[in-house]
Amino acid sequence: QVQLVESGGGLVQAGGSLRLSCAASGRTSSRYAMGWFRQAPGKEREFVAAISWSSGSTDYADSKKGRFTISRDSAKNTVYLQMNSLKPEDTAVYYCAAGSYYIWPKRTGYASWGQGTQVTVSS
């Protein structure tokens with residue numbers, strides 16, 4: 001099991017940027033993915049982006065391409081989500097997730113989840 005701790009959320013004005021971090025600890029496999037999801041009030045949790053820990057391949061939800069960038073620092077066991085040009089509709093709790101995969105990209109079936117970090121974008 002992998003333990004995940006998110007940080008970096010906060011309040012930002014529309015058009016601003018935030019970088020979320022997710023520190024991972026525990027056992028991982030060679031084919032491991034790290035993902036970001038978000039859940040806005042009254043809405044279902046949705047996929048944002050994912051990265052393969054071994055290859056660095058990335059995958060994004062269509063609506064996030066161009067504004068969000070996922071990356072990893074293997075030495076720090078940390079994955080990041082850089083969010084630019086933020087909009088009020090990006091307001092949500094953002095969750096980091098981790099899990100093994102056999103087929104890439106991986107958008108579902110994550111086994112480990114962080115506690116979430118709140119991102120609020122004011123207009």
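The values are calculated or read from the model by the stated rules, or taken from the named source; none is laboratory data. All values reported here derive from a predicted model rather than from experimental measurement. In this analysis, Cβ positions are derived from the backbone assuming ideal geometry, glycine residues included, and neighbour counts consider all displayed protein chains. Side chains are part of the model used for accessible areas, which takes the heavy atoms of the whole protein and leaves out ligands, DNA and RNA. Shrake-Rupley method; radii C 1.70, N 1.55, O 1.52, S 1.80 Å.
Report the gain in length on full extension from residue 14 to residue 82: 0.36 nm times residue separation, minus Cα-Cα distance, nm rounded to one decimal.
On the way: separation 68, 0.36 × 68 = 24.48 nm, distance 1.48 nm.
Between residue 14 and residue 82, full extension yields 23.0 nm more.
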Task: Kirkwood hydrodynamic radius of the chain, from inverse mean 1/r over distinct Cα pairs, in Å - done: 14.3
Open item on the list: Rolling a 1.4 Å sphere over the protein heavy atoms, what is the accessible area per residue of segment 17-123, to the nearest Å²?
Closed with: 50
- [ ] List the lysines whose Cα lies under 19 Å from the Cα of residue 64, skipping any in the same chain that are fewer than 8 positions away.
- [x] 43, 87, 106
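For the chain, with all protein chains present and a 1.4 Å probe, just round the carbon and sulfur fraction of the accessible area to a whole percent. Kindly include the intermediate steps, with their values, before the conclusion.
Working: 2970 of 6330 Å².
So the carbon and sulfur contribution to the accessible surface is 47 percent.
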Open item on the list: Quick check: net charge around residue 100, other residues with Cβ under 12 Å of its Cβ, Lys/Arg +1 and Asp/Glu -1?
Closed with: +3
